[in-house]
Structure formats: C-alpha cells, structure tokens
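Report on one structure; see the data block that follows.
The values are calculated or read from the model by the stated rules, or taken from the named source; none is laboratory data. A quick note: this is a predicted structure, and the numbers were derived from the prediction, not measured. Reconstructed Cβ throughout: ideal geometry from the backbone, glycine too, with neighbour counts over all protein chains shown. Heads up: the accessible areas ignore ligands, DNA and RNA and are worked out on the full protein's heavy atoms, side chains in. Shrake-Rupley method; radii C 1.70, N 1.55, O 1.52, S 1.80 Å.
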Amino acid sequence: MRIVLQRVREASVYIGGKVHSSIGPGMVVLLGIETGDTDQDAAWLVKKIAGLRIFDDAGRVMNLDLAASGGRVMVVSQFTLHASTRKGNRPSYIRAAGEGEARPLYERFLGLLAEATGREPAAGIFGAHMQVALVNDGPVTIIIDSKLRE
C-alpha cells in the first residue's frame with residue numbers, strides 16, 4: 001500500500017458535481033492498493049497515520065498527532081499511486097490491485113482507521129470519478145509505502 005498524506009485546513013470530495021464528504025482541519029490520505037497488499041499492510045499504515053506528529057503545538061512545532069490536534073481524516077482511493085512510468089509516456093497500472101482485491105482491503109482500511117482514531121473517516125466512493133478539493137496546510141505532504149516501511 002502506498003499513501004500520499006497531506007495536512008489540510010479543509011478538504012472536500014465531489015461526485016457528480018455535489019459534495020459527497022468534507023472535513024475541516026486534519027489530513028487527506030490518498031490510498032493506493034497494490035496487488036498482494038494485505039491486512040498487515042493496512043494495519044501498519046493505520047498505526048503510522050494515527051501516530052504521525054505533523055500538527056503544530058502551542059509553540060508552532062509539529063508535535064501533535066491527529067487525536068491531539070482534534071483533526072479529522074479523509075481517505076480517497078487512488079490506484080494511480082502505483083503507476084509505472086518506466087516505459088514511454090503512457091503510465092501502466094499493472095501493479096495496482098484490481099477491484100476484487102482492492103475494494104475489501106480499502107473497506108478494512110477505513111474500519112481500522114475508525115478504530116484507531118475513534119472517528120469514522122470521511123471518504124470518497126471506491127472506483128468513482130471524483131474531484132478532490134483541499135487546502136494543503138504548510139504545505140505538509142508525506143509519502144508512505146507499507147512495503148518499504150517508510
């Protein structure tokens with residue numbers, strides 16, 4: 001699994017021109033699921049996300065995790081995070097898990113994240129064509145890969 005995580009002031013997911021979900025301060029997690037990813041990958045990422053200290057404390061030092069900051073999290077599935085651009089100019093998505101493998105793992109990821117944070121995450125709809133609007137705060141953008149454990 002691979003994520004691109006952004007600390008945000010606000011974010012919204014639009015589907016069919018209408019707001020599907022939105023959050024105020026917190027983080028947006030773009031989640032890519034690769035063939036062969038497991039529940040262990042999801043659990044490791046969720047633990048990392050919940051404990052990541054990327055929010056400012058009173059001294060304006062990134063020292064607070066999501067719970068301590070009072071922030072929310074939004075998760076959006078994004079198979080394109082596993083694009084290969086090695087050959088030519090048309091990305092290959094062969095490493096991205098297909099819907100039958102990815103959808104159940106995406107749903108488990110959301111459940112694990114709800115347990116870890118004590119709040120249901122806002123989310124898009126798996127496989128839908130979405131528009132994601134966000135205001136990156138900082139900017140703070142972090143890429144984490146469960147296979148690399150970084």
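Considering only residues that are under 12 Å from residue 30 (Cα atoms) and open to solvent by less than 20 Å² (accessible area, probe 1.4 Å), look in the range 69-98 and name the one that is modelled with the lowest pLDDT.
Among those that are under 12 Å from residue 30 (Cα atoms) and open to solvent by less than 20 Å² (accessible area, probe 1.4 Å), it is 82.
From the list 58, 116, which one is open to solvent by 30 Å² or more (accessible area, probe 1.4 Å) and in a helix (DSSP H, G or I)?
116
Filter the range 99-113 for residues that are touching a residue at least 12 places away in the same chain (Cβ under 8 Å) and either farther than 18 Å from residue 146 by Cα or open to solvent by 60 Å² or more (accessible area, probe 1.4 Å) (or both) and give the result.
99, 101, 103, 107, 108
Checking residue 137 against (1) under 15 Å from the mean Cα position of the chain (by Cα); (2) assigned to a strand (DSSP E or B), only one condition comes out false. Which one?
For residue 137, the failing item is (1).
How many residues does the range 4-19 hold that are among the β-branched types (Val, Ile, Thr) and surrounded by 22 or more Cβ atoms within 10 Å (Cβ to Cβ)?
2
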